[in-house]
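Structure first, commentary second.
The values are calculated or read from the model by the stated rules, or taken from the named source; none is laboratory data. These numbers come from a predicted model, not from an experiment. Cβ atoms come from the backbone with ideal geometry, glycine included; neighbour counts cover every protein chain shown. Only protein heavy atoms, including side chains, enter the accessible area calculation; ligands, DNA and RNA are left aside. Shrake-Rupley method; radii C 1.70, N 1.55, O 1.52, S 1.80 Å.
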Amino acid sequence: MSSHREVLILPGDGIGPEVVSQAVRLLRDAAQACDMELDIRQEAVGGAAIEADGQPLPEATLAAARGADAVLLGAVGGPRWEGLPMHERPERGLLGLRSGLDLFANLRPAILFAPLADASSLKAELVANLDILIVRELTGGIYFGEPRGIEQTPTGRRGVNSYVYTEHEIERIARIGFDMARKRSGRLCSVDKANVLEVTQLWRDVIGEVAADYADVELSHMYVDNAGMQLVRAPKQFDVIVTGNMFGDILSDVAAMLTGSVGMLPSASLAADGRGLYEPVHGSAPDIAGQNVANPLATMLSVGMMFRYSFAEREIADRIDAAVLSVLESGLRTADIISGVADRQTLVGTDAMADAVLSAFAEEAVEAEEAQVAQERDR
Ligand code: NAD
């Protein structure tokens, strides 16, 4: 039986349109492979929307995002808009989407595909086959707490931010963390600073209470300073990490660097109903825009996450990951991931890398079909 899904495409700025157009090809092929009817719509966000509409997140874009099952975004920003006041800049478009869709759960996998092990800043044996998932709370914590600001006092200026979490906010992100851990190795590490900050003592308490519903998941707690150290000392000890907004922001960038290139990292931001925004972790890379050299893999892997988390099509998501792995094993590299260490590497541009992933995805489909036929025959 075929399903029907609406996907909103937001190419954005810089290399955004280049990598997104390649990822949309994969989106169409992947939908076809699972008999999904796709309704694809495109709108402007970020700098492109400022040029077209005078604002980074036009009402039509937000409305289309609210009506879609999933959103695929490239990246926003660039030097052209850097002189604008903070609240008018392209990046505001992204923040507006996150809060407008209540995308409270940010999932950032840090996966090191074995053929790229020597691109990491750590020793290859510490990171080969690394596969961590960081679940970051995205709409609360110190980035949003009130009061905030800088004020003049009789003894000089005073800056204030407020670190606030409610029980409800902690519980809903905890459940995402436990659910993810349950689908993976069954281990969850919650990161806080409960020895110093009361709000994270509440975090630890609520995580512990939610754990009662997940007896099959092994829960551990770690202070954030230690977690930072452990991530660069022995990263493979982690499977799923759940943490608040600010700690997650910092730790996910540390984990990202373990994998070598920002051009390889996908992400998902989910709402309570499973709808999500999928985007590469990298920015608009204005230094390489329009040159057909950007790595499209982070955005293509983000399509994989869309099938995994918003469409519950795990097999298709696995097939996308496998296609990317086989292309890397074949030696194809965009400029950001070529190491010069191995001699079997071939430098390719954005288009050629995407072509190779599409072919590998099609081959994975043939292999999966053959395996199924063989299985049925042997029954
Ligand atoms: P960036 O991620 O755009 O670029 C950092 C470096 O990584 C650059 O050298 C770039 O060439 C390289 N790079 C990034 N993506 C790549 C890819 N797919 N393939 C190959 N190389 C890649 O970060 P930046 O330079 O700090 O920011 C540039 C602009 O992007 C700024 O306007 C910033 O505000 C914006 N930005 C947007 C997002 C987003 O939309 N989510 C995230 C970060 C930065």
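Brief remarks on what is shown
- Estimated at 0.36 nm per residue, the fully extended path between Glu376 and Ile250 surpasses their Cα-Cα distance by 40.5 nm.
- Taking each residue as 0.36 nm, the span from Ser162 to Ala211 lengthens on full extension beyond its C-alpha to C-alpha distance by 14.9 nm.
- Rg followed by Dmax, in Å, when the stretch 15-160 is reduced to its Cα trace: 20.0, 68
- In the chain the Cα-Cα distances spread across 20 Å bins starting at 0 as 27, 59, 14, 1, 0 percent of all pairs.
- Eligible lysines near Lys236 by straight Cα distance, threshold 18 Å, same-chain separation 8 or greater: Lys123, Lys183
- Glu315-Asp179 FRET efficiency (beta carbon distance; Förster radius 22 Å; 0.05 resolution): 0.70
- For the stretch 110-261, the solvent-accessible area with a 1.4 angstrom probe is 47 square angstrom per residue.
- Relative contact order (%) - the stretch 110-261, alpha-carbon pairs under 8 angstrom, separation at least six: 36 percent
- Mean Cβ count within 10 Å, highest first, over the residues of peptides 297-304, 78-85, 203-210, 254-261: 297-304, 254-261, 203-210, 78-85
- When you restrict to C-alpha pairs under 8 Å that are six or more residues apart and normalise by the size of the stretch 170-220, the relative contact order lands at 47 percent.
- Zero-based 5 Å bins, Cα pair distances in the stretch 240-368, whole percents: 2, 10, 17, 21, 20, 16, 10, 4, 1, 0
- With N the number of residues in the stretch 155-281, Rg(Cα) / (2.2 N^0.38 Å) evaluates to 1.13.
- Extreme residue, positive dipole direction of the chain, given options Leu38, Val240, Pro115 (C-beta unit charges): Val240
- Check: the chain dipole with +1 on Lys, Arg Cβ and -1 on Asp, Glu Cβ, in debye: 820 debye
- Structure-based [θ]222 nm, the chain - -39500 (n - 2.57) summed over DSSP H runs of at least 4, per residue, nearest 500: -13000 deg cm²/dmol
- For the chain, modelled as a GNM whose springs connect Cα atoms under 10 angstrom apart, the maximal fluctuation among Tyr214, Tyr278, Tyr309 occurs at Tyr214.
- Sulfur and carbon atoms: percent of accessible area, the stretch 1-59 [1.4 Å]: 41 percent
- Segments 61-72, 143-154 sorted - mean Cβ within 10 Å per residue, highest first: 61-72, 143-154
- Annotation: amide H of Val240 within the under-5 Å range of Leu133, Arg187, Cys189, sequence separation 5 or more or interchain, hydrogens built in the peptide plane.
- Relative contact order of the chain, defined on C-alpha pairs under 8 angstrom at six or more residues apart (%): 19 percent
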